[in-house]
1. Provide the packing ranking of A:79-92, A:112-125, i.e. peptides ordered by the mean count of other C-beta atoms within 10 Å per residue, highest first.
2. For chain B, set up a Gaussian network in which alpha carbons nearer than 10 Å are linked by springs, and say which option among B:Lys160, B:Lys61, B:Lys355 fluctuates the most.
3. Looking at region B:256-306, which chymotrypsin sites (Phe, Trp or Tyr not before Pro) are in a loop (DSSP not H, G, I, E or B) and have at most 15 other Cβ atoms within 10 Å?
4. Of the listed pairs B:Lys175/B:Lys385; B:Lys254/B:Lys320; B:Lys219/B:Lys320; A:Lys76/A:Lys104; B:Lys219/B:Lys355; B:Lys61/B:Lys173, which have alpha-carbon separations greater than 27 Å here?
5. Take every Cα pair under 8 Å in region A:100-180 that's 6+ residues apart, average their separations, divide by the length, and report that relative contact order as a whole percent.
6. Just to make sure I understand: if all protein chains stay in place, what is the order of B:Glu350, B:Glu110 by accessible area at 1.4 Å, largest first?
7. So which aspartates and glutamates pass the test for A:Lys106, namely a Cα distance under 20 Å, with those fewer than 8 places away in the same chain ruled out?
8. Using only alpha carbon pairs under 8 Å that are at least six residues apart, calculate the relative contact order of chain B and give it in whole percent.
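The values are calculated or read from the model by the stated rules, or taken from the named source; none is laboratory data. Here the structure is a predicted model, which means the values were calculated and not measured. Positions of Cβ are backbone-derived with ideal geometry, glycine not excepted, and every protein chain shown enters the neighbour counts. Ligands, DNA and RNA are stripped out before the accessible areas are found, and what is left, the full protein with its side chains, is counted by its heavy atoms. Shrake-Rupley method; radii C 1.70, N 1.55, O 1.52, S 1.80 Å.
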Amino acid sequence: MKVLPFVVAAAAVLLSACASTGNPADSANAGNAAIVSGNGASTAGGGGSSLNPAQPLPQVDAAGAEAAAYAGVNGKSVFFDFDQSAIKDEYKGVVEAHAAYLGKYKGHVLVQGNTDVRGSREYNLALGQRRAESVKQSLEVLGVKPDQVEAVSFGMEKPQASGNTDGDHAQNRRADFVYQ
Amino acid sequence: MHRLIAYCWRVLLLATMLAAPLARADLTVDIVGGGSSRYPLTILPMQNEEWLPEAVTQTVKSDLAMTGLFGLLEPPGGTVLPASPQAFDPVPWQQNGSRAVLYGKVTKLEGGLLRLTFWAETVNPREQKLAAEFDVHSSQLRDVAHRIADMVYEALLGSKSLFASRIAFVVQKGKESRLQVADVDGRRAQTVLRSAEPIISPAWSPDGSRLAYVSFENKKPVIYVQDLATGQRRLLANFKGSNSAPTWSPDGRKLAIVLTLSGNSQVYIINADGTGLSRFSYSDAIDTEPVFSPDGRQIAFVSDRSGGPQIYIQPLDGSKTVRRVTFQGAYNVSPAFSPDGRQLAYVRREAGRFKVMLQDLASGDARMISNSAFDESPSFAPNGKMVLYASDEGGRSVLYAASTQHPGRVKLGVLEGQVQDAAWGPFNP
């Protein structure tokens, strides 16, 4: 992997302890506006909390510098080849930009892996996970702390393109960065 | 004479009803080949059936046609409807090729109750196979119709029927996902959960009281278990990473799930109350889509440890001896055990098409039971005689049920929107 020395240095200098707390069960409870019905009086399943790391809430900083930095990474995804989870050279810059942002502003990011819309939903979920893990590893190589990143997958459930052409499929094989 | 005229009038009315097209929009029956092995049956309208707010015998016909096991014959117009075994003449039905006839009558009782009396008889030799009576309110007619279909199925075929069960599926309408539960024919669908984010992988608890499913409402996949009677749900698994692919152990006490705690998708076992997590599969590959065998002793799952995704079976005794069971094709996913544990339904990709396969586990022989290009998520009826799956039809996902015994399948056309991720539930308690 090609690593920009500047980014690594910047990340190393700017990284500091990630100091926020959060209860993952809070964010997972029903009552979320997404649920219109379901009588969701959810309680967290046992065993979950200890294995879940703290998830920091979004660090909203009014400073223009951060806003600009965020604008620089927001919505930038990594795209993959068919059946592949390796990050192609042309997307290494995207990963580096996210690593730099995370290093400087210490947020928490969900890396959401995605696949094209063909095949088993659950197997695709696992393939999307593999892509997200690949990005997570690259971020960590660039100095991002493991607890700043959570690799998850949407599988084939969140296609950017709904068609069935090769171009559509290519649009869907990607990893998105969702800052929290 | 007066009585005879009145009787004929009724018959005329019923003959008009019969003339209405039978292929109703809600169930498209596409039976191919193997017709000679289907049970030839004539279902007559019940005498006075026009009193009912819904045509019970139409539902019985539609149910039995759906199974693919009956060849339904149409009675000729003007058929006099027998309202008792004394009035039943087997001769015309011997001539039209029927092996048996279902007939009956409707009687009005006190208090708005309706009495449905019906008989099933073979015609050569004549033998009564079934005689039954239901006193019901008009709101119960659909339940009665499914019950009659089950009784006819079991009386004539001598094996357990399947209409006393329900199906679950996910309907996508625009950006909204709805988890729904319906009758086997797709009617009377009820929404269990609505979400602006996807819902996938519904799985029935063995007693039919709960559904486990994966919801993305928290920007990542987490597993919930929801009680169908109360609508209450609880989080089963929200571990770091993705939480997915829940299925229940046959005793309902545990679930197999897939977590990514090790940085790859692996199979875990967890108690139904969310306690007692333990890892089941150990590979550095993808292991997913676990399903318990009906005897609860082993788990089939998908792994790409050999390259492409294939189906493996591993016992739960801790021995970790893994047996690969699919060798044809480079992509075999989504296994489901038949209720007797002898067969596996799964999806195979071949030449860019995704087909539902049915494999005999002892011999390894597999055959295709679906016929579209993108078929997914097979699940068995609780009697093992049908497999429900989702299929692509010109960009729209629809549900089909295929017979495991004869070629042929039925589309559950009543369902609208993108209907996917079908799961056939157990027998109703």
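1. Packing proxy ranking, top to bottom: A:112-125, A:79-92.
2. Largest GNM mean-square fluctuation: B:Lys160.
3. For chymotrypsin sites (Phe, Trp or Tyr not before Pro) across region B:256-306 that sit outside H, G, I, E and B with at most 15 neighbouring Cβ atoms in 10 Å, the list reads B:Tyr282.
4. B:Lys175/B:Lys385; B:Lys219/B:Lys320; B:Lys219/B:Lys355; B:Lys61/B:Lys173
5. Normalised by residue count, the contact order of region A:100-180 is 46 percent.
6. The most accessible residue leads, giving B:Glu110, B:Glu350.
7. A:Asp61, A:Glu66, A:Glu96, A:Glu133, A:Glu140, A:Asp147, A:Glu150, A:Asp176
8. Relative contact order for chain B comes out at 12 percent.
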